[in-house]
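To start, the structure under review is shown below, and the notes come after it.
The values are calculated or read from the model by the stated rules, or taken from the named source; none is laboratory data. None of the values given here were measured: they were computed from a predicted structure. Positions of Cβ are generated from backbone atoms using ideal geometry, with glycine treated the same way; all protein chains shown enter the neighbour counts. For the accessible areas, the whole protein counts, side chains as well, though only heavy atoms, and no ligand, DNA or RNA atoms are used. Shrake-Rupley method; radii C 1.70, N 1.55, O 1.52, S 1.80 Å.
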Amino acid sequence: LPGTLTITDNAGTQTVNLSGTAGTPTAALSTGTLAFNNSQVVDTSSSPQTVTLTSGPTIPLTLTAAIAISGANPGDFSLSPPTNCPASGSSLAASSSCTISVTFTPTASGMRTATLTVTDNASPTTQNVSLTGTGTAASVSLSVSNVSFGSIFENTPSTAQPVTINNMSTSALTIASVALNSSDFALTTGTGACTYTVQTLAAGANCTAYVTFTPTATGNFEGMLTFTDNAGGVTGTTQSVNLTGSGFNNTVQVSVNLGPNDNLANGLYTSVTVCNPNNSTECATIPDVQVDTGSIGLRLLGSNAAGVTGNQVSALNLPQVTDASTGYPLYECVVYGDLSYTWGPMQMATVTVGTESALQIPGASAGTGIPIQVIVPGSPATATSTPPTDVYDEDGPDGAGIYYNPCTVVGVNSENEPIYTSGADDDDVTNLGSNGILGIRNFNVDCAICTSLPDATGQYVEYDSTGESFDGTTINWFVEATPDQYQAWNPVAAFPTDNNGESLTLPSIPPGGQAKATGTLTFGIGTEPNNALSDTATIYGLDCDADFLQATFNTVPYSDVDDQTDCSPETTMLIDSGSTPFFFLDAGTLQTATGVTFGTCSSGAGWYCPASTVNLSLTLYGYDATTGGVGNSNTVQFSIANTDSLFANQFAAFDDLGYSSISSGESTSDDIIDLGLPFYFGKTIFFGIAGATTGTPNLVNGYYAF
């Protein structure tokens, strides 16, 4: 455009010709569209894309507002370095350019759109770039939906269980967290483990969460493992795995107290729960059951027994044990060392002691129970007053040859004729001293020789409702060989774990006894953190009667060696928690050995009453099954105090209570050594079950160890 500059002064007029070209700012963008990945996983960011802004060649470009993103989904796109354009109010020099960088982070799946706007002093005043991209929902799968840890020992970590999360999509998956909702479960390391914090899994990749279970108590536990990620295109999506497990403890508390009659010194008791195997809701927890390491099998008084209170076994409708070969129900009569006995039917029950349960005998169908004896009043009537002389020859109808009352027979004489006794019938709380007996001696079943018909003892008998005739006498019961699966089972041997034995621990008590004592019965040997054999313990292998092979007192050996061919003990040497005193030899033998008179007690015949406590020493010898001779040995000390003085305290727990092992009319050849409950105080004594395959040692007849 032309123009003239005129200056007028006293010299006249001066003019200057002017010319110039008019112009406006311009702006140009390198592209009108930025198209992002069509499968960007939700909540993950794309690589940046750029657009270039260029000013005109002659006039600077001034930005009059901040560069902005608007439109349908503005939050899915963002400016990111290296954006270097001027801020609002600043100018881009003429013939210059700057870069605008944009990142796509979809917040949902599907097509996402927005507009990038540059506002300036060019004409038009805005320049726009269309932004497009597609969000893709990440897809995941878990290797499992539930993890069961089973039964885990209390306060002991389980083996880690893996849970793998797989990214099934074609794009990356963002895992925000991996978490547990219970402190009884924990995450740990392992091959391919997740980071357990923010983590990105590439398409097709996976990682594994490793979970352990450490129960802090007994009982059932539940928890949940949760992965939080952006699966499904939604931030905060979760996938969960249910976690279950139970805590168990292989111990149960035992108590030395006066028992349900409040009059039995050195009674050792615990509670046992029995259930009907056909109906798990039919259960009863029986208190005051005597713990007996000298017998085998669970025996419980029926509900109609005198003195029984509370829930009892007869109300459970337990299935009757029936001999499949005859179709007849099975009964048992057990004669004990004091010649008393219990009589009653064999029935099936599941048995729980503490948290350990015997649900079936090994090899049987799951949950079918184990045979137990239910003690009922009375005993079978004697079929004939004069049994035939060939009573043990098993002749007669159906192979039955024993027609006398089995509850009154304790053996046979040299002519194979029965030897009778008139012991008490322990069919009530007064006589039994408890609601039942938990027998956990060193064998699986209580009558190994009863499995063979020639050796059948009459301990197990069957009823024939039609009656049988023999020598003109009609009977309704007879003896048959009794397989293991029908006999009273040691519940410990039927536990699924911790079934190779047990140990009993009782505290030390002062001379003169104490009011009561509490101890621990621990199941299993070398199977859990709390039941390992001590390195200093002497392991005594047992003979086929589950006894010591030999003992020496005052240089005199008492031996079971001559009984190993037929396993019929004459001299018995055992450890027995069911015996309330030391049953130890006889007063004459002890006086000879010590020079002390063991006196006459007002408490009754057989009790020892020395004027002062006598300390005794006894050497015990185990059985070596390899050589058939003497095995490990050690010497133990114990004491016998005045029974009258002890009982005057009206205490329950005594470690120095003694009783003669022979009865009136017997000879010293009948002496036995029965280290009863007094021997347990201040010790942990292990009882290994014969032939157990778990743990060390594995001895054919079992073992004692202390």
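Annotations
- Fraction of alpha-carbon pairs over 25 Å apart in segment 147-293 - percent: 51
- Probe 1.4 Å, all protein chains present, accessible-area order of LYS683, LYS516, largest first: LYS516, LYS683
- The candidate values were (i) 59; (ii) 40; (iii) 45; the one computed from these coordinates for percent of Cα pairs over 36 Å apart carries the label (i).
- Here the calculated FRET efficiency for ILE7 and SER91, from their Cβ-Cβ distance with R0 = 45 Å, stands at 0.85, rounded to the nearest 0.05.
- Relative frequency of Cα-Cα separations exceeding 16 Å in segment 30-98, percent: 58
- Couplings 3J(HN,Hα) for segment 108-114, derived from phi with the Karplus relation 6.51 cos²θ - 1.76 cosθ + 1.60 (θ = phi - 60°), are 7, 7, x, 5, 10, 9, 6 Hz, where x marks Gly and Pro.
- Between THR309, ASN73, PHE686, the Cα set farthest toward the positive side of the dipole of the chain (charges on each charged residue's Cβ, about the Cα centre) is that of ASN73.
- Segment 581-616-segment 201-232 distance, computed between alpha-carbon centres (Å): 67
- The phi torsions of segment 501-508, fed into the Karplus equation with coefficients 6.51, -1.76 and 1.60 and a -60° offset, translate into couplings of x, 7, 9, 10, 10, 10, x, 5 Hz, rounded to whole numbers, with Gly and Pro shown as x.
- Dividing the helix sum by the residues of the chain, where each DSSP H run of 4 or more adds -39500 (n - 2.57), gives a mean residue ellipticity at 222 nm of -500 deg cm²/dmol.
- Surface composition of the chain: carbon plus sulfur atoms contribute 50% of the solvent-accessible area (1.4 Å probe, protein chains only, all chains present).
- Distance between the 7 Å Cα→Cβ label points at SER80 and THR164: 3.1 nm.
- Beta bridges per DSSP, both residues in the chain: antiparallel share near 85 percent.
- With DNA, RNA and ligands ignored, accessible area of VAL144 (1.4 Å probe; Å², nearest 10): 50
- Convex hull volume per residue in cubic angstrom - Cα atoms of segment 117-186: 148
- Solvent-accessible surface (1.4 Å probe) assigned to CYS283 amounts to roughly 50 Å².
- Expressed as a fraction of 2.2 N^0.38 Å, the value expected for a compact globular protein of N residues, the C-alpha radius of gyration of segment 32-166 is 1.70.
- The Cα-based radius of gyration and maximum Cα-Cα distance (Dmax) for segment 244-362 are 15.6, 50 Å.
- Projecting the Cα atoms of THR191, GLN485, ASN84 onto the dipole axis of the chain, where Lys and Arg carry +1 and Asp and Glu carry -1 at the beta carbon, places ASN84 farthest toward the positive end.
- Heavy-atom accessible area per residue - the chain, 1.4 Å, Å²: 42
- Convex hull volume per residue in cubic angstrom - Cα atoms of segment 225-274: 130
- Full-stretch length increase - THR191, THR115 - with 0.36 nm per residue and alpha-carbon distance subtracted: 22.7 nm
- For segment 570-667, size of Cβ-based charge dipole, Lys and Arg +1, Asp and Glu -1, in debye: 140
- Residue-normalised convex hull volume from the C-alpha trace of segment 239-306: 164 Å³ per residue.
- Between SER39 and ASN317, the C-beta separation translates, for a Förster distance of 56 Å, into a calculated FRET efficiency of about 0.25.
- Under the convention that each Lys and Arg Cβ holds +1 and each Asp and Glu Cβ holds -1, the size of the dipole of the chain around its Cα centre is about 5680 debye.
- Gyration tensor analysis over the Cα atoms of segment 285-337 returns equivalent ellipsoid semi-axes of 23, 18, 10 Å (largest first, whole Å).
- Per-residue HN-Hα couplings for segment 599-609 [Karplus 6.51, -1.76, 1.60; θ = phi - 60°; Hz; x = Gly/Pro]: x, 10, 9, 6, 5, x, 5, x, 6, 8, 9
- Kirkwood analysis of segment 580-688, using all unique Cα-Cα pairs, places the hydrodynamic radius at 15.0 Å.
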